[in-house]
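Comments concern the structure below.
The values are calculated or read from the model by the stated rules, or taken from the named source; none is laboratory data. Because the structure is predicted, anything quoted here is derived from the model rather than measured. Here Cβ is always computed from backbone atoms with ideal geometry, including for glycine, and neighbour counts include all displayed protein chains.
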Amino acid sequence: MRVRDIAGLLRLAGATLLLSATAISTGCGSGVDTTTVADTVTGECFSATMLSTTPDGVTSEARIDACDQAYRLEVVGGRRASIAIVRYDLDLVWLLIPEDRTYIVLGLDSLKTDTPHFFSPDVRIERDEGTTDTVDGVEAIRYEVKTSGAGGEHEGTMWEAVDMPGRPLKWVDAVTGLETVWKDAETGPADAGLFELPEGYEELQQEE
């Protein structure tokens, strides 16, 4: 499939919630070893509904499951469903198109940088002492933060639930005004299969 055709497919799938405008030019090809997935889902995982709202009121919704070196984002809405599996341990992103049972392999540099990559092991967060607050009735700690590393440098306000420290509950970027909220958040074990390529999917090759 040609690059311009894949770009159109990404737009139909609503994948712009996750991927940057240069995503198509950063494919990393096939032949990747996927046997280490079980090591990425050890310990406690995080799941939530993620709502991202631009300053002009446009909201995108996705389901996120995050564990150690991997996370999965399932976009809700758009003309097609799409699922992105981010594997930090393998330095790649799989974009799945369930309707066609196909997938695209992209590099980590295809990920958007308009929000800090809170689930990356390489993100660094500096914060103040924090103050008590609530988000949609959930007791939280509000911090003024600076982030660097994965996702680039950002300044903004971050909320963490009192009973879920280390996991984001809400983020507002001080520069762009982009607001992201993680609703119905839970922690616990996750199925390793969420972070693997499903059987029967065919890779779309990128051709200029």
Failed item, numbered, when LYS112 is tested on (1) surrounded by fewer than 21 Cβ atoms within 10 Å (Cβ to Cβ); (2) without any contact (Cβ under 8 Å) to a residue 60 or more places away in the chain; (3) out of contact with any Asp or Glu (no Cβ under 7 Å at 6 or more places or on another chain):
(2)
Look through ASP184, ASP133 and report the one residue that is under 23 Å from ALA84 (Cβ atoms), of a type outside the set (A, V, I, L, M), modelled with pLDDT of 90 or more and in a strand (DSSP E or B).
ASP184
For segment 196-204, indicate whether the set of residues that are surrounded by 12 or more Cβ atoms within 10 Å (Cβ to Cβ), part of a strand (DSSP E or B) and touching a Phe, Trp or Tyr at 6+ places or on another chain (Cβ under 8 Å) is non-empty.
yes
Does segment 14-25 include one or more residues that are over 24 Å from ARG167 (Cα atoms), of a type in the set (Val, Ile, Thr) and at pLDDT below 90?
yes
Can you pull out the residues in segment 147-159 that are in a strand (DSSP E or B) and modelled with pLDDT under 95?
THR147, SER148, GLY149, HIS154
Touching a residue at least 60 places away in the same chain (Cβ under 8 Å), farther than 24 Å from ASP68 by Cα, surrounded by fewer than 17 Cβ atoms within 10 Å (Cβ to Cβ) and not aromatic (Phe, Trp, Tyr): does that describe GLY177?
yes
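Residues checked against (1) surrounded by fewer than 14 Cβ atoms within 10 Å (Cβ to Cβ); (2) assigned to a strand (DSSP E or B):
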| site | (1), (2) |
| --- | --- |
| VAL75 | no, yes |
| VAL86 | no, yes |
| TRP94 | no, yes |
| LEU106 | no, yes |
| HIS117 | no, no |
| GLU129 | yes, no |
